[in-house]
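Engineer: After the structure tokens below, expect a handful of questions from me.
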Amino acid sequence: MAFLDMTLEQLSSAVAETGEKPFRARQLAEWVYRKGVTDPAAMTNLPKALAERFEILTSRLAGRADSADGTVKLLLELSDGERIECVLIPTERFATVCLSTQAGCAMGCAFCATGLGGLRRNLSAGEILEQVLHLQSACGRKVTHAVFMGMGEPLANYDATVAAVRALTDPARFGLSARRVTVSTVGLPGPIRRLAKENLPITLAISLHAPNDALRRELIPAAAKVPLERILSAAQEFYDARGREVTLEYVLLGDVNDTPVCAEALAKIAGRLRCNVNLIRYNPVPSLPFRSPSGRAVRAFAERLARRGINVHVRRSRGADADAACGQLRQRTEPQA
């Protein structure tokens, strides 16, 4: 089992099997999780044989795109050759990582580059966590926030996603506050209800993108079997169980879902929940027939929601010059058939 797929208890058992004393497991965990060190030679207080025994990184850096605003996107190649993306978005005080949970995606969102190749496979918890270590090493920043909004549907890879969240929020591992971790889903009611029962005070984000079932089926084919009403009911259950406001993510597509009618319908939905609405201006993908809305259209949409008493934010666009849309860097670097 790869190092990052182990719980601390499993690591302690693995170290004990080598004949080393239990405190060696704590030392090893501190090097990797707290200090971000993955090179056994740099683990100076550990016996060389022990440090070299565990495979910490199973992936390699295969590409990098840097934005003028400081955003960094990495392309990682996994042990079987599959490729995934991860992103670090820095501010003066914080460093947020956007993590992938699958190689590819089965949701088939019409505007998303990731889904063009379909789902390849799920990632293990360790492969999710490796992205954090790669980003910290590449950017020289300690991660403060994590969002599961990269490639794939996190709740379709439920066990690995939750295991990764637990590692991120474990004080003895990455040590992030659970309130600084967000898990995004296209809207899978069963897993949302299951997540509500976990002892994890994280934020749930629902990628809504359309305020009615008809338009949502066009934009998100996987939503055809999941009516909005079921998703909203599960979201309410999450709030009731965890006491954490849900975030509704809404990618604005020019002349598709950015109309006044859509704004009014979205306001009605948001008014039912204790929620925030994040509006995201679409990052165009060259091979897809969607465009970004004008700044005027974005402002008008946000103002219409605000007038209805909705807590709305327009997410600042970051990394637009670094293959910003999810899946673009992988798509650009893959051989064309």
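The values are calculated or read from the model by the stated rules, or taken from the named source; none is laboratory data. The structure presented is a predicted model; accordingly, all values stated were derived computationally and were not measured. Cβ coordinates were reconstructed from backbone atoms using ideal geometry, including for glycine residues, and neighbour counts include every protein chain displayed.
Engineer: Being closer than 22 Å to Leu176 by Cβ and over 22 Å from the mean Cα position of the chain (by Cα), is that true of even one residue in the stretch 238-249?
Structural biologist: Yes, because at least one residue in the stretch 238-249 is closer than 22 Å to Leu176 by Cβ and over 22 Å from the mean Cα position of the chain (by Cα).
Engineer: Find all pairs meeting these conditions: Cβ atoms under 7 angstrom apart; at least six residues apart or on different chains; first residue within the stretch 19-38 and under 15 Å from Asp170 (Cα atoms); second residue polar (S, T, N, Q) and part of a loop (DSSP other than H, G, I, E, B).
Structural biologist: From residues that are under 15 Å from Asp170 (Cα atoms), the pairs are Val32/Thr38.
Residue-by-condition table, conditions (1) in a loop (DSSP other than H, G, I, E, B); (2) of a type outside the set (Phe, Trp, Tyr); (3) touching a helix residue (DSSP H, G or I) at 6+ places or on another chain (Cβ under 8 Å); (4) crowded, with 20+ Cβ neighbours inside 10 Å:
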{"residue": "Gln131", "(1), (2), (3), (4)": "no, yes, no, yes"}
{"residue": "Ser137", "(1), (2), (3), (4)": "no, yes, no, no"}
{"residue": "Pro191", "(1), (2), (3), (4)": "no, yes, yes, yes"}
{"residue": "Leu204", "(1), (2), (3), (4)": "no, yes, yes, yes"}
{"residue": "His209", "(1), (2), (3), (4)": "yes, yes, yes, yes"}
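Engineer: Something else about it: What single numbered condition from (1) in a loop (DSSP other than H, G, I, E, B); (2) at pLDDT 95 or above; (3) under 18 Å from the mean Cα position of the chain (by Cα) fails to hold for Gly108?
Structural biologist: Single failed check for Gly108: (2).
Engineer: Does Val72 satisfy the criteria of being in contact (Cβ under 8 Å) with a residue 60 or more places away in the chain and either within 18 Å of Ala138 (Cα to Cα) or not assigned by TED's automatic domain parsing to the domain that holds Phe148 (or both)?
Structural biologist: Values: in contact (Cβ under 8 Å) with a residue 60 or more places away in the chain: yes; either within 18 Å of Ala138 (Cα to Cα) or not assigned by TED's automatic domain parsing to the domain that holds Phe148 (or both): yes.
Against the criterion (in contact (Cβ under 8 Å) with a residue 60 or more places away in the chain and either within 18 Å of Ala138 (Cα to Cα) or not assigned by TED's automatic domain parsing to the domain that holds Phe148 (or both)), Val72 qualifies.
Engineer: Can I ask one more? Quick check on this structure: which one of Ala106, Ala113 is of a type in the set (Gly, Ala, Ser), touching a helix residue (DSSP H, G or I) at 6+ places or on another chain (Cβ under 6 Å) and in the same structural domain as Asp159 (by TED's automatic domain parsing)? Before you say what the answer is, go through the steps one by one.
Structural biologist: Details: Ala106 fails: touching a helix residue (DSSP H, G or I) at 6+ places or on another chain (Cβ under 6 Å).
When all the criteria are applied, what remains is Ala113.
Engineer: Here are some residues: Ala172, Ala223. Which one is surrounded by fewer than 19 Cβ atoms within 10 Å (Cβ to Cβ) and either at positive phi or assigned by TED's automatic domain parsing to the domain that holds Cys105 (or both)? Steps first, answer last, please.
Structural biologist: Values: Ala223 fails: surrounded by fewer than 19 Cβ atoms within 10 Å (Cβ to Cβ).
Of Ala172, Ala223, the one residue that is surrounded by fewer than 19 Cβ atoms within 10 Å (Cβ to Cβ) and either at positive phi or assigned by TED's automatic domain parsing to the domain that holds Cys105 (or both) is Ala172.
Engineer: Among the listed residues Ala42, Ala25, identify the single one that is surrounded by fewer than 18 Cβ atoms within 10 Å (Cβ to Cβ), more than 14 Å from Ala2 (Cα to Cα), among the hydrophobic types (A, V, I, L, M, F, W, C) and at pLDDT 95 or above. Lay out the reasoning, then the answer.
Structural biologist: Details: Ala25 fails: surrounded by fewer than 18 Cβ atoms within 10 Å (Cβ to Cβ).
Sole residue among the options that is surrounded by fewer than 18 Cβ atoms within 10 Å (Cβ to Cβ), more than 14 Å from Ala2 (Cα to Cα), among the hydrophobic types (A, V, I, L, M, F, W, C) and at pLDDT 95 or above: Ala42.
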